[in-house]
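Shown next, in structure tokens, is the structure this report addresses.
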Amino acid sequence: MWRFLKVLVVLGVLGAGVFWLVTRPQPLDPGLVPGLTGDAARGEAVFRRAEQACLKCHAIAGAGGRVGPDLVSIGASAQVDYLVESILQPNAKIKENYHSLVVVADGRITSGIRVRETDQELVLRDVEDREVAIPLDAIELKKDGESLMPVGLADTLTRGELVDMVRFLSELGKVGPYAASSAPIARRWEALAPSPMAAAQFQNSPPEAAPGDEPGLRWSSVYSRVAGDLPLEEIPPVAEGEGSWRVLRCQCDVATAGRIALALSGPVERLWIDDNPVTLDESSTIDMSSGMHTITLITRGEADPLRMELTDVPGSTAQVQLVGGK
């Protein structure tokens, strides 16, 4: 009886909080919709800001979070007024399969998007993009929730920034510069974060071995722009000074072994496949065994963006996929 009452109290408090968030005044701005102006390039920069956290929950062409839908073609399938409403009032119209589910199990509340359900467990994806498995026999109560996108994410934007971001979203998927190529381009990277250990490795020159997951080194996800290039000025160098070294890595999954070519552009100084150094040229051709591999590179400077694409080698049977996600 006490557990049942505790569940009711918890859900009552939760419901009151959700009601306050949903009903907090967020009037739509009619001036944003008709004859929308704005700059899509500036809007992409706003969308990519770390403090906006858009890529924490949304992916573009598979690179980014999976809490919300992939936005790669949202501009070709949604009207501008829908985009504005989705930003300002995320609970007004929730895309199918993205309603949250609130589950009480063993006295704990979990909210997330349903990923799958088996005979033994229910798996939800929470707002941090983690899969949470809940044993079915531990579930005390389930109820439908709202969007996991918080109300008020646009509150810090100026009207001009909001218009620019809506313009960017409205161009995604349309013919032009914001139609993401289906080519195998590296879109999800990990950048080595500045730290005393990282700076020590680059004190005089780049290291001879590829930095990995040694204690003291931290990696964070960064994402290429829709066009496939990664602006290096957005990434802090591992050590300040003349070098301005930045270390980036991505993963590829080789289903069938063979030769592949890496088409690189940008200020790349060194490159490794796993722990093996690769000689750099305009198109580095490499033998790849089956399995998961890590491509690590060091760049110097930030004037030019980084871009890496896998290209076919004539006669090769290699089948390779770059790893996306968060």
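The values are calculated or read from the model by the stated rules, or taken from the named source; none is laboratory data. Note that the structure is a prediction, hence the values are computed from the model and not measured. Here Cβ is always computed from backbone atoms with ideal geometry, including for glycine, and neighbour counts include all displayed protein chains. Side chains are part of the model used for accessible areas, which takes the heavy atoms of the whole protein and leaves out ligands, DNA and RNA. Shrake-Rupley method; radii C 1.70, N 1.55, O 1.52, S 1.80 Å.
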Here, ALA200 and ILE109, labelled 7 Å along Cα→Cβ, have an inter-label distance in nm of 4.6
Run down the lysines and flag those whose C-alpha is under 30 Å from the C-alpha of LYS95, throwing out any fewer than 8 positions away in its chain. LYS56, LYS142, LYS143, LYS174, LYS326
Kindly write out, for segment 118-130 in residue order, the coupling ³J(HN,Hα) from the Karplus curve 6.51 cos²θ - 1.76 cosθ + 1.60 (θ = phi - 60°), rounded to whole Hz, with x marking Gly and Pro. 10, 6, 10, 8, 10, 10, 10, 9, 8, 5, 8, 6, 9
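What is the diffusion coefficient of the chain in µm²/s, taking the Kirkwood radius over Cα pairs and the Stokes-Einstein relation at 10 °C with a viscosity of 1.306 mPa s?
Details: Rh = 22.3 Å.
Stokes-Einstein gives a translational diffusion coefficient of 71 µm²/s.
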Segment 127-208, accessible area per residue, ligands and nucleic acids excluded (1.4 Å, Å²): 51
The equivalent-ellipsoid semi-axes of segment 192-326, taken as the square roots of five times the Cα gyration tensor eigenvalues and listed largest first in whole Å, are 26, 16, 14
Assigned charges on the beta-carbon of Lys, Arg, Asp, Glu; segment 215-257 dipole about Cα centre (debye): 180
Size of charge dipole - the chain - debye, nearest 20, with Cβ of Lys, Arg +1 and Asp, Glu -1, no other charges: 900
